[in-house]
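Notes for the one structure printed next.
Only the coordinates and a few stated rules stand behind these numbers; no lab work does. If you're wondering where the values come from, they're calculated on a predicted model, not measured in any experiment. All Cβ positions, glycine included, derive from the backbone under ideal geometry; neighbour counts span all protein chains shown.
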Amino acid sequence: MRDKPLDQSGKSTPTIDIYVSTQAKKVTPMLQRLPWSLSFLSIADYDQNPPARAILIIAPDQLQERLKHNTKKQMQQCVILLWLSKKQDVARELLDHPGVLGIINKNINQDALHTLIKSSIQLLRQFENINSAEVLERVLEVGRALSAEKDLDTLLGLILTHARRITGADGSSIYTLDKSGKLYFRLWQNTSTDARSQAQKTLVGEHSIASYVCNTGELLNIDNAYNIPKDAPYHFNPASDRSLGYHTLSMLTLPLKDKNDKVVGVLQLINRKTDHNTILKTMTDF
């Protein structure tokens, strides 16, 4: 599940991904006929590694195979609907899997499918909220030390490293506020480029994404940095992408606050991956 860029009203439009395995393709036409209230669904074929935070419709034998090659944690990030093309017994371990919500067969009617998908979306959002809360709390715990740490450059590097590991982001950047309230870019890290950032202090433009988050104190989740509406109160600068031969797609930008809930900096996470060790080299990787 991901958020699209903010619309003109300033609200993000959620996109729910449904992945249908090869054996379950008969259900795809029914999914495409779901009512307009579920028009934000994104339907795709699935025969690769499990996507993070998505609804997965898959045959029992395919799921059994996936469980052999993927960690329990990976599969728990999906809401799973088992597809039965014929009457058959399903292994108890599959039915007991925490991600399995229900069973779909070729005789399911449109209303029942609609209800099941809505329930799947609700469960997926619960997973998302729990995960987001855990991630943010762990990152912000480190961020609260910003105002008291003397060796600031070392701490900034640790925050970026831990934040990337926690979230699975390919890249991360950090910004700090000085005593006059000006926001400065300090450090960045990236798994997929050979370039390395040295500690620096560069003033950030007032219309940047980081400045917007710093001023509002709100988290900002962007699905595609190159598709931000022109009338949005913030803009993405592609200069770094061009200089590094990189492509920024998803961005999660959040304020770092001290124990008094005062913003002391901004953390930006770029291009989340299902596998932290994956190297993004070509456009198809992003």
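Things worth noting here:
- Cβ crowding within 10 Å ranks Cys214, Cys78 as Cys214, Cys78, fewest other Cβ atoms first.
- Estimated at 0.36 nm per residue, the fully extended path between Leu219 and Leu67 surpasses their Cα-Cα distance by 51.3 nm.
- Projected label distance in nm at Asp231 and Ile108, using a 7 Å step from Cα toward the beta-carbon: 4.0 nm
- With the simple model of a label 7 Å out from the Cα in the direction of the Cβ, Gln200 to Ser119 spans 5.3 nm.
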